[in-house]
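A.B. asks: Before I ask anything, here is the structure I am working with.
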Amino acid sequence: MELLEKLEPILIFSAIILGLIFSDISFLKDNGSFLITLFLFLMLFGVFLEIPFNDLKNSFSNFKFTKTSIIINFLWTPLFGYFLGSIFLHNNLDIFIGFFMLILTPCTDWYLLFTKISKGDLPLSLSILPINLILQIILLPIYLILFFSSSNTLNLIDLGISFLVIIIIPFALAQITKYLLKNNLENKFISFFSNLQVFFLSLAIFAIFASEGKALFDNLYSISSIFIPLMIFFIVTFIIDFFVSRKINFTYKEYSSLTLTTLARNSPLALAIAVNSFPNSELIVIALVIGPLIELPVLYLVSQILLKIKSFY
């Protein structure tokens with residue numbers, strides 16, 4: 001893993017702290033939405049440059065792993081996530097939606113680091129990344145409409161515009177860029193944007209907290225309410241991963257990869273869609289950013305537990 005990817009949690013936490021420190025600056029308050037969208041656009045442009053969509057077939061080389069991962073990530077997880085939200089977050093629709101978007105989108109970056117720590121099958125985990133990305137792009141709007149279209153918070157026009165600005169345009173630009181550049185120049189260009197992805201994400205998070213600092217402090221209790229349902233999700237899914245892996249005779253490496261692939265959450269894509277789809281619901285965006293502060297220590301603990309399990313798996 002690259003050094004910047006290993007430092008990603010520290011950079012994100014630092015971006016939050018600095019954003020709160022500078023939350024009184026009027027320029028950041030007045031232009032927060034534009035800055036957030038800009039940095040997320042650039043970050044996702046880099047993501048789409050880097051993802052080898054031509055190698056999507058590799059995701060199916062281990063069909064049993066791919067099928068199991070898809071069922072847990074895109075069938076079990078949204079249903080269980082909505083169930084947990086309905087129980088614990090029904091009194092705050094914005095936090096509920098933020099929690100649901102957090103739960104629904106599999107991680108597309110740091111799960112690889114924890115897979116490596118736990119001595120899982122890193123190539124296998126990497127091969128599932130393109131299909132996870134494509135499925136969450138397709139299914140996130142569908143699940144939002146399915147579960148929340150009756151609420152006043154979800155605006156289908158805003159959702160459609162967000163999908164166009166944050167997904168379609170950077171994806172199209174990335175594909176055009178790769179088509180126009182020659183191989184050597186293409187590799188250098190992709191490498192350049194790959195190294196900047198963490199910074200763009202951190203800058204977007206800085207802008208979020210600089211522009212929404214007051215909303216955070218005014219709603220600390222509401223935001224902290226996602227802790228319990230998120231922990232229940234981690235614990236129950238961890239147990240399901242273990243028993244499913246034993247039932248279908250996964251090797252330890254496959255089991256470890258499945259666990260990290262299905263536990264790690266919070267794709268930047270969800271954050272980008274939330275910023276543009278819910279412009280008047282800052283708690284949705286803040287919930288998506290707060291989530292990793294709970295998730296990252298959990299993933300480290302899980303990676304250590306997996307190493308203990310490895311000795312008698």
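A.B. asks: ASN266 versus (1) closer than 28 Å to LEU113 by Cα; (2) of a type outside the set (Gly, Ala, Ser); (3) at pLDDT 80 or above: which is the lone unmet condition?
C.D. replies: Answer for ASN266: the failing condition is (3).
A.B. asks: Can you tell me how many residues within region 283-313 are outside any helix (DSSP H, G or I) and either modelled with pLDDT under 80 or among the aromatic types (Phe, Trp, Tyr) (or both)?
C.D. replies: 2
A.B. asks: OK, next. For region 180-262, which helices (runs of 4 or more DSSP H) that fit wholly inside it have 3 or more residues that are among the hydrophobic types (A, V, I, L, M, F, W, C) and closer than 30 Å to LEU38 by Cα?
C.D. replies: Of the helices (runs of 4 or more DSSP H) lying wholly inside region 180-262, those with at least 3 residues that are among the hydrophobic types (A, V, I, L, M, F, W, C) and closer than 30 Å to LEU38 by Cα span 183-218.
A.B. asks: Also, quick follow-up: Pairs needed: first member in region 163-183, buried (at least 16 other Cβ atoms within 10 Å of the Cβ); second member anywhere, small (Gly, Ala, Ser); C-beta distance under 7 Å; at least 6 residues apart or different chains.
C.D. replies: That search, which allows pairs on different chains as well, returns ILE166/ALA272.
A.B. asks: Taking TYR252 as meeting all but one of (1) over 25 Å from LEU140 (Cα atoms); (2) within 14 Å of the chain's Cα centre (by Cα); (3) hydroxyl-bearing (Ser, Thr, Tyr), write down the number of the exception.
C.D. replies: With respect to (1) over 25 Å from LEU140 (Cα atoms); (2) within 14 Å of the chain's Cα centre (by Cα); (3) hydroxyl-bearing (Ser, Thr, Tyr), TYR252 is out only on (2).
A.B. asks: Do the conditions hold for ALA204, that is, is it within 28 Å of GLY19 (Cα to Cα) and modelled with pLDDT of 80 or more?
C.D. replies: yes
The values are calculated or read from the model by the stated rules, or taken from the named source; none is laboratory data. Everything numeric here is computed off the predicted structure, so don't read it as measured data. Backbone-built Cβ (ideal geometry, glycine too); neighbour counts: all protein chains shown.
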